[in-house]
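First the structure, in the form of structure tokens, and then the observations on it.
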Amino acid sequence: MKLKKIVMLGALAMVLVSCLGDRKAMDIAEMGDTSFVNKNFKGNLISYDKNRSACEQLSISALANFYEVSEDKIHIMDNKNSDRFRKDMEPQCSIYIETSENDYEWLRGSISVFREIGKDEMMGEIAEATGAGENWEEAWALQKSMSESAEWIENLGMAAVWNGNKSELKIKFEGYTLTVYPSTNKLNKEEVAKNRDYKKAALLIAKAAGYIN
């Protein structure tokens, strides 16, 4: 890896983890280890399309069963089917789960799709440094190595990482990255008391939306 790229990767990763309070000492061996990449990846179930809804196949019933609510309590805001968003934005769906009359207590999550940026495109170097480019492996390894709560999920996509501190699931597919934030709300005391498995929730959402089996 070139020195310039190492410096850029390291600086970006340090900013990210320090802002999120999830920082640990850098593990040089781990940041250079790309064995987490899934060698048995069989291809995308859903191909990238900037005009396609991120939640086109989302099963509301699967979400309702997991969160133990009726289907009419789940609300989806899809940027591809709303005039409130620019049409050139990447596909994203917000998931709201109604828990009371006070919408501040509703659970909030999202599904987002981010296109892989070519190294020769504008901002290509920055994209690679943040893990959004063609050569994403080293950036993913570095970010994982500096996060106390991050863990690899084996045999999922080309690679997958769960960050417990951010309640974030990232799955790398051919041509894009899927990011899932399961529906949560730290201000909702009843929800917090349930001590729900949000990693399981994120995986369920990715499956319910058709991205994984």
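For the reader, a short list of remarks on this structure follows.
- Selection status of residue 99, more than 27 Å from residue 195 (Cβ to Cβ), of a type in the set (S, T, N, Q) and crowded, with 18+ Cβ neighbours inside 10 Å: no
- If you go through the range 70-96 and pick out every residue that is surrounded by 15 or more Cβ atoms within 10 Å (Cβ to Cβ), not in a loop (DSSP other than H, G, I, E, B) and not acidic (Asp, Glu), you end up with 11.
- Test for residue 140: is it touching a Lys or Arg at 6+ places or on another chain (Cβ under 6 Å), over 23 Å from residue 61 (Cα atoms) and not β-branched (Val, Ile, Thr): no
- Listed by first and then second residue, the pairs with beta-carbon distance under 8 Å, at least 6 apart or on different chains, first residue in the range 44-71 and without any contact (Cβ under 8 Å) to a residue 40 or more places away in the chain and among the hydroxyl-bearing types (Ser, Thr, Tyr), second surrounded by fewer than 13 Cβ atoms within 10 Å (Cβ to Cβ) and not in a loop (DSSP other than H, G, I, E, B), are 61/71.
- Selection within the range 78-99 - over 17 Å from residue 178 (Cα atoms) and free of Cβ contacts under 8 Å to residues at least 40 places away in the same chain: 81, 82, 83, 84, 85, 86, 87, 88, 98
- Restricting the range 102-129 to residues that are among the small types (Gly, Ala, Ser) and without any contact (Cβ under 8 Å) to a residue 12 or more places away in the chain, the residue that is surrounded by the fewest Cβ atoms within 10 Å (Cβ to Cβ): 124
- Only one of the listed residues (108, 115) is under 26 Å from residue 187 (Cα atoms), of a type in the set (Lys, Arg) and modelled with pLDDT of 95 or more. That residue is 108.
- Within the range 183-206, residues that are within 16 Å of residue 166 (Cβ to Cβ) and modelled with pLDDT of 95 or more have Cβ atoms under 9 Å from residues that are of a type in the set (D, E, K, R) and in a loop (DSSP other than H, G, I, E, B) in these pairs: 184/196, counting only partners at least 6 apart in sequence or on another chain.
- Restricting the range 40-67 to residues that are polar (S, T, N, Q) and part of a loop (DSSP other than H, G, I, E, B), the residue that is surrounded by the most Cβ atoms within 10 Å (Cβ to Cβ): 53
- Looking at the range 147-213, the strands (runs of 3 or more DSSP E) lying wholly inside it that each contain 1 or more residues that are of a type in the set (Val, Ile, Thr) and crowded, with 19+ Cβ neighbours inside 10 Å sit at 159-163, 168-173, 176-184.
The values are calculated or read from the model by the stated rules, or taken from the named source; none is laboratory data. If you're wondering where the values come from, they're calculated on a predicted model, not measured in any experiment. With ideal geometry, Cβ positions are generated from the backbone for all residues, glycine too; neighbour counts draw on all protein chains shown.
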